[in-house]
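Below: the structure, in structure tokens.
Each value in this text was obtained by applying a stated rule to the coordinates, not by laboratory testing. Since we're looking at a predicted model, the values are computed, not measured. Cβ coordinates were reconstructed from backbone atoms using ideal geometry, including for glycine residues, and neighbour counts include every protein chain displayed.
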Amino acid sequence: MKPFLLLLAATTAYAAEAPVRVNNPSAAERFAKPSDALVERENTFWKRTNLDVPEAIVLEASGIVPVAGKRLLVTTRRGEIWWVDGAYSGATPKFTLFASGLHEPLGIIAAPAGGYYVAQRQELTRLVDTDGDGRADRFETVAKIPISGSYHEYAFGPVLAPNGNLRVTLNVAFGGTTQAPAPWRGWMVEITPDGQFTPIAAGLRSPCGFLITSKGDWFTSENQGEWVGSGRITHITPGDFAGHPAGLAWSRQPGSTVRLRPADIKDFEEPMFDVAKKLPGLKPPAVWLPHTVHGISNSGVIEDLTGGKFGPFAGQLFVADQGQSKITRVALEQVKGVWQGAAIAFREGFDCGIIRIAHGEDGVLFAGETARGWGSVGPKQFGLERLEWTGRTPFEIKTIAAQPDGFTLTFTSPVDRVTAEKTESYTIGGYTYLYHAAYGSAPVNRLNCPVRKVVVAPDGLSVRLALACLREGYIHEIKAPGLRAAGGAETLVHPTAYYTLNRFPDGARIIPLDPKDAELCVAPVPATAAANTAKHPVKAPSSWTSDEGDQAVILGTVPGLKYDTTLLTAKAGSRLRLVFRNTDDMLHNFVLCAPGRGQAVGEAALTLGLDGPAKNYVPDSADVLFHTQLTQPGTSDTIFINVPTTPGDYDFVCTFPGHSALMKGILRVQ
């Protein structure tokens, strides 16, 4: 395909930035932290070191490139680039400014011809230190990137392609009649060193992380949102459409590799895998990353090319998450030409949301962090951390391979045969997500997959599981809490994995097909999450003389994870009709809690996992008094509240994972 020169000038409107927040907010404003016991156990195998940042530097780290001599260059969302020396040992490195004045750079790589390439919001730039004084003094515009001014128009990358060109992924916009008001929003594009654009693939929403593997395959991460049921990793080839329709507004332009048009996409309300069978060009993900389980804002992706210096997972992918401050491990395999594989927890407990991860010398991993405007688990608003393998090998599920009738689990060390041979040591279930215009998706078509047979390898390093109700196109939750390592009582550090099965492999079965399973393997119809209940009263109680009650309140939302008012008042024992209108671009709810219990309820919502959407992300807790359903952008929900008879300040929060730390208020009962 012949590249073409982009001729459209970019609009240079800038979104307003939030003011600088202190780097150590109070505990009440933090997201829920992970299990102390789990983090302590993870520390045994991978040591985490938080690097000290001088008070004068707001290091909202957004890009990391390791440089020879154990140096780092780190970009920040504030538009600066810093040399970091001494990051490989100790906790107090030296910071030296390399460049400033950039517009929210979100990635940096070395340029083959010298200097460094950086993706800013509005352009791809090459920076060069021509006089060798450690400061960039030459800023070359490689290519302009069109923007409309929406705060959500991020540009990620670049990543160097084998042909010497540069690839960038472009976030969709928010706040307008279209989410692609400027060319190639929602696309991966390739840019030559002289500025020519070649569109590669469309259908991206917020592709914060992407890479080309050592085998030459491109993969990108994705965030849950409209048209995106959950986070995911997608294999990208020219002409692919990854599912988000906004970018199709530019599919008729010269050079487009994508044939689908906006009119081809409708609100299918079906699993994405099923829609792809009848919509040529739609590319289901290689691996789904279950929302709230493997993150809520998936970000940087790297391949472990350390040759074992970082531990026993060489060749696998590591995926960072901004909202939950964690890293997930992804073990891929290719079956019948299609990528699929397992997502397995790796490391939690970071001090802030991770945007970028990079392997430096000696297998050391660096994590660049920021939380401003988004929030994240952890006590800090920005930072830089180092992660090193201690040399100890954890007892873990190393890889999972699909079989015609189940899976083969391979471990990092031999399993105890007694526990491994028991079928009750494993619990497996399948589910998927809907492909629709709504923001995210609850797990649908959930079904248990009974384990019928277990075969343990002679060396104890793997087990083959044969099961019923295995389904192509579904995510399979594989739990093995009952397993023990050989020779002791050690359990798996992370006993749960999620395998996305896109293709059944050929081969021999170890259990026969059972006709009786046809009735067993039918997913039940789920109950609606919008039902009228005592805590979600969508009908006026019979004791009310009218639907109006004593008082009506309309509560709305504003961007930045906020309600439009943080103080409501009502008379004790009165009847309150509350209308919650979600005018934001994310999912939100309203949960009224007992006094002082809002953050505890928000933290409990984070633990709901796959059951969260069906519960409106409202935990079963006596601290929850009333709540709305989880409302889509542009929708509303009305509830009828009998106001408590005891005066006081009652918390209200949004319990969608990660929101309660910022999105909160008080109902003052007088």
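Just to verify a number: FRET efficiency for residue 535 and residue 37, C-beta to C-beta distance, R0 = 41 Å, to 0.05?
Once the sixth-power term is evaluated, E becomes 0.85.
Among [x] 80, 62, 54; [y] 104, 68, 55; [z] 99, 80, 44, which is the computed Cα extents along the principal axes in Å?
It is the value labelled [x].
Place +1 on the Cβ of every Lys and Arg and -1 on the Cβ of every Asp and Glu in the range 174-293, take the dipole about the Cα centre, and give the residue among 288, 260, 197 whose Cα lies farthest towards its positive end.
The Cα lying farthest towards the positive end belongs to 260.
Which of 158, 434, 79 sits farthest toward the positive end of the charge dipole of the chain, with +1 on the Cβ of Lys and Arg and -1 on the Cβ of Asp and Glu?
Going by the charge dipole, the pick is 434.
Answer rounded, prolate or oblate for the range 36-389, using the Cα gyration tensor with square roots of eigenvalues a ≥ b ≥ c: rounded when a/c is under 1.5, else prolate when a/b is larger than b/c, else oblate.
It is oblate, given that a/c is not under 1.5 and a/b is not larger than b/c.
Given 400, 373, 95, which one lies farthest toward the positive end of the charge dipole of the chain, if we put +1 on the Cβ of every Lys and Arg and -1 on the Cβ of every Asp and Glu?
Of 400, 373, 95, it is 400.
Fewest to most neighbouring Cβ within 10 Å: what's the order for 413, 256?
413, 256
For residue 579 paired with residue 565, estimate the spin-label separation in nm (one decimal), with each label point 7 Å from Cα along the Cα-to-Cβ line.
Going by the 7 Å Cα→Cβ label model, 1.3 nm.
In which sequence would 240, 351, 649, 506 go, from the one with the fewest C-beta neighbours within 10 Å to the one with the most?
Lowest to highest Cβ neighbour count: 506, 649, 240, 351.
Using DSSP, restrict attention to beta bridges with both residues in the chain and report what percent are antiparallel, rounded to the nearest 5.
95
Between the alpha-carbon centers of the range 48-121 and the range 404-479, tell me the distance in whole angstrom.
The two parts, judged by their Cα centres, are 41 Å apart.
Once label points are set 7 Å from the Cα along Cα→Cβ at both residue 511 and residue 615, what is their separation, rounded to one decimal in nm?
The answer from the label model is 3.0 nm.
Using the 10 angstrom Cβ neighbour count as an exposure proxy, how do 419, 432 rank, fewest first?
By the 10 Å Cβ count, ascending, the order reads 419, 432.
List the lysines whose Cα lies under 18 Å from the Cα of residue 479, skipping any in the same chain that are fewer than 8 positions away.
Once the sequence-local lysines are set aside, what remains near residue 479 is 398, 422, 453.
Report the dimensions of the range 126-259 along its three principal axes from the alpha-carbon atoms, largest first, rounded to Å.
Projected onto the principal axes, the Cα atoms of the range 126-259 cover 49, 37, 30 Å.
Using the Karplus equation 6.51 cos²θ - 1.76 cosθ + 1.60 (θ = phi - 60°), what ³J(HN,Hα) coupling, rounded to whole Hz, does each residue of the range 640-657 give in order, writing x for Gly and Pro?
These are the phi-based 3J(HN,Hα) values: 10, 10, 7, 4, x, 7, 9, x, x, 9, 9, 5, 10, 9, 9, 9, 4, x Hz.
Which value in deg cm²/dmol, rounded to the nearest 500, describes the helix-derived mean residue ellipticity at 222 nm for the chain, given -39,500 (n - 2.57) per DSSP H run of n ≥ 4 and division by the residue count?
Per the formula, -1000 deg cm²/dmol.
Pop the C-beta distance of residue 417 and residue 270 into the FRET formula with R0 = 56 Å and round what comes out to the nearest 0.05.
0.85
Would you work out if the range 551-669 is rounded, prolate or oblate? Take a ≥ b ≥ c from the square roots of the eigenvalues of the alpha-carbon gyration tensor; rounded if a/c is under 1.5, else prolate when a/b is larger than b/c, oblate otherwise.
Here the range 551-669 falls in the oblate category.
Under a point-charge model restricted to the Cβ atoms of Lys and Arg (+1) and Asp and Glu (-1), what is the dipole moment magnitude of the range 238-356 relative to its Cα centre, in debye to the nearest 20?
Its charge dipole is roughly 340 debye.
Under a point-charge model restricted to the Cβ atoms of Lys and Arg (+1) and Asp and Glu (-1), what is the dipole moment magnitude of the range 514-670 relative to its Cα centre, in debye to the nearest 20?
520
Mind checking the dipole of the chain: about its Cα centre, +1 per Lys or Arg Cβ, -1 per Asp or Glu Cβ, Debye to the nearest 20?
Roughly 620 debye for the chain.
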